[in-house]
Amino acid sequence: MSAQLRVGVDVGGSTTEAVSLDGSARVVARAERRTVRGKEGVVDGILAVIDAVVPPGGASSVGIGIPGRVSDGRVHDAVNLDISDLDLASEIAARSGAVVGVENDVRAATRGIGVDRFSSSLAYLNLGTGVAAGVLLDGRVHGGSRGVAGEIGHLSIDPAGPRCACGQRGCIEAFAGGGAIAARTTGGPFAVRDAFDRADDGDPAALEIVAGLARGAAAAVRTLALAVDPERIVIGGGIARLGERLRAPVLRELERAAEGSAFLGSLHLDERIELLSPGVPVGAIGAALADHRRSALHLSAG
């Protein structure tokens, strides 16, 4: 394979995915495996998917998108991965021999989404194990002064609501995060879909979960619109694979709020929302396309 291959890795709460891109930024290989939580499991999983998309020494750079607060190649407070602090760039560079850069996974996905959407501004709302957002303005993804821009999932919308993994109550993520929903139900990889199925059958507990998810997602959309005023708000992540089953209750929640506020109605949020097409590895692509050479590590293997 060409020595110019760039590898991107997207570490999620459920799966870790990698792609390799050629010099024209086309995906030439792709691999995925289940995410194992904890430092050792995450590092081993990243190395495994890298090896699956390029031969040893075949990558010119490796970009990694991962949940949590990322600074100088270190990952902090990735609560859904059971990682409080990990020098991920050093770990992967030492064992792969490539230039390695690390950034927040949702910001990486925002870049990947922006590749084929020619908007001057867009916001990406990721509804997965956790909830977070990325913002693309004038072609650049913004991370904030301390790397926490977009951690919208930890905005509390109900002080009396369910407890969030961050320690607060009533966070958007506590209502709309797949991990939080699984913890309140029978769990399993299809907890959210199962809740929607039971809600369709009229189950009261499931109806409450679906209503809470719609409430949380709608609050995130409104917050992004008011803070950034993007042209588009793209919703993705594992929960977005529900498609219209998700979109419909979120739009109803937005419409309900707009009925009591001419101001909110004037924002036309329903016209700005779109769902990300499932199956497109935007997180891994965005991680691969980042310019990691400015601040990344390059250590000899071994």
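What follows is calculated from the coordinates using simple rules that are stated; it is not laboratory data. Predicted model, so just to flag it, every value in this text is computed and none were measured. Cβ: placed from backbone, ideal geometry, glycine included. Neighbour counts: every protein chain shown.
What to note about this one:
- Span-rule helices in the chain, defined as complete DSSP H runs reaching 15 Å or more along the axis (Cα) with Kyte mean at least 0.0: 39-53, 204-228
- Under 5 Å between amide hydrogens, built in the peptide plane, is the criterion, and for GLY170 it picks out GLY161, ARG163, CYS164 among residues at least 5 positions away or on other chains.
- Annotation: amide H of GLY13 within the under-5 Å range of THR129, sequence separation 5 or more or interchain, hydrogens built in the peptide plane.
- The phi-based Karplus calculation (6.51 cos²θ - 1.76 cosθ + 1.60; θ = phi - 60°) puts the 3J(HN,Hα) values of the stretch 61-67 at 7, 10, x, 10, x, 8, x Hz, whole numbers, x for Gly and Pro.
- Rounded to 5, the percent of DSSP beta bridges in the chain classed as antiparallel: 60
- For semi-axes √(5λ) of the Cα gyration tensor in Å, calculated from these coordinates, the label among (i) 33, 21, 17; (ii) 32, 25, 16; (iii) 28, 26, 21: (i)
- Sites ALA257 and ASP51 - FRET efficiency at Förster radius 41 Å, r taken between beta-carbons, to 0.05: 0.25
- Taking amide hydrogens as placed 1.01 Å from N in the peptide plane, the amide H of GLU151 sits under 5 Å from those of ALA133, each at least 5 positions away in sequence or on another chain.
- This model, with +1 at the C-beta of Lys and Arg and -1 at the C-beta of Asp and Glu, gives the chain a dipole about its Cα centre of some 360 debye.
- From helices alone, the chain scores -11000 deg cm²/dmol at 222 nm; the rule is -39500 (n - 2.57) for each run of n ≥ 4 DSSP H residues, then divide by the residue total.
- One decimal place: the segment ALA205-ARG146 gains 17.4 nm when fully extended, by the rule 0.36 nm per residue minus the C-alpha distance.
- Note that the stretch 167-178 has calculated 3J(HN,Hα) couplings of x, 7, 10, x, 5, 3, 5, 5, 8, 10, x, x Hz, one per residue in order, obtained from phi through the Karplus relation 6.51 cos²θ - 1.76 cosθ + 1.60 (θ = phi - 60°); glycine and proline are x.
- Label zone at ALA94, where the point sits 7 Å out along the Cα-to-Cβ direction: the stretch 54-79 residues whose backbone N lies under 17 Å: 73-75
- Residue-wise HN-Hα coupling along the stretch 267-281, computed from phi with Karplus coefficients 6.51, -1.76, 1.60 (Hz; x: Gly, Pro): 7, 6, 5, 4, 7, 9, 7, 9, 9, 5, 4, x, x, 8, x
- Distance from the C-alpha centroid of the stretch 1-54 to that of the stretch 108-151: 20 Å, rounded to the whole angstrom.
- For the pair SER120 and SER266 in one chain, pulling the backbone fully straight at 0.36 nm per residue adds 50.5 nm over the alpha carbon distance.
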